[in-house]
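The values are calculated or read from the model by the stated rules, or taken from the named source; none is laboratory data. Bear in mind the structure is a predicted one, so any value in this text is a computation, not a measurement. Here the Cβ is made from the backbone with ideal geometry for all residues, glycine too, and neighbour counts use every protein chain on show.
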Amino acid sequence: MQHNYTISDFRRDLRDGQHAWPGGYPRFFITSDGCALSFEAARDNIRLVLEALRDDLRDGWQVVECSINWEDPGLFCDHTGFQIVPAYEAERI
C-alpha cells in the first residue's frame, strides 16, 4: 500500500523537530524531485511547501518524506547549500 505524504504529516514532522527521538538523529525532508530540504529551509518556505502539498504541485517544494541522514557526509540542503550532518561518520578504511 502506497502512502502519500500529507499536510498533516509535514506539520507533525516539523512539530517533532529536526532530530529524531529517541537517538537525536538528524532528519531532513525529501522533495518529489529527489532533493534534500533542511528543516530550516522547510520552515522558511512553509507556505510554498504547504501549497505544493495541497495542490499536488511538482515544483520542487512538494515534500514526499521525512528521513534520517544516517551516514552521508555529502548530503546538503538543495535550497540553502548547508550540510545536513550525518548521524554517524562513515567508517574509514
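Considering the stretch 68-93, and only residues there that are small (G, A, S) and out of contact with any Phe, Trp or Tyr (no Cβ under 6 Å at 6 or more places or on another chain), the residue that is farthest from F10 (Cα to Cα) turns out to be A90.
Within the stretch 1-13, being surrounded by 10 or more Cβ atoms within 10 Å (Cβ to Cβ) and either touching a Phe, Trp or Tyr at 6+ places or on another chain (Cβ under 7 Å) or hydroxyl-bearing (S, T, Y) (or both) holds for Y5, T6. Scanning the stretch 29-75 for residues that are of a type in the set (A, V, I, L, M, F, W, C) and in a loop (DSSP other than H, G, I, E, B), we see that the one that is surrounded by the most Cβ atoms within 10 Å (Cβ to Cβ) is W61. Screening the stretch 76-93 for residues that are without any contact (Cβ under 8 Å) to a residue 12 or more places away in the chain and of a type in the set (D, E, K, R) and picking the one that is surrounded by the most Cβ atoms within 10 Å (Cβ to Cβ) gives E91. The conditions of being at pLDDT 95 or above, in a loop (DSSP other than H, G, I, E, B) and not hydroxyl-bearing (S, T, Y) are met by H79. Residue pairs whose Cβ atoms lie under 6 Å apart, sitting 6 or more positions apart in sequence or on different chains, and linking a residue in the stretch 40-60 that is under 15 Å from D13 (Cβ atoms) to a partner that is surrounded by 14 or more Cβ atoms within 10 Å (Cβ to Cβ) and small (G, A, S), are V49/A42.
All conditions but one from (1) surrounded by 12 or more Cβ atoms within 10 Å (Cβ to Cβ); (2) over 9 Å from the mean Cα position of the chain (by Cα); (3) farther than 17 Å from W70 by Cα; (4) not hydrophobic (A, V, I, L, M, F, W, C) apply to H19; the one that does not is (3).
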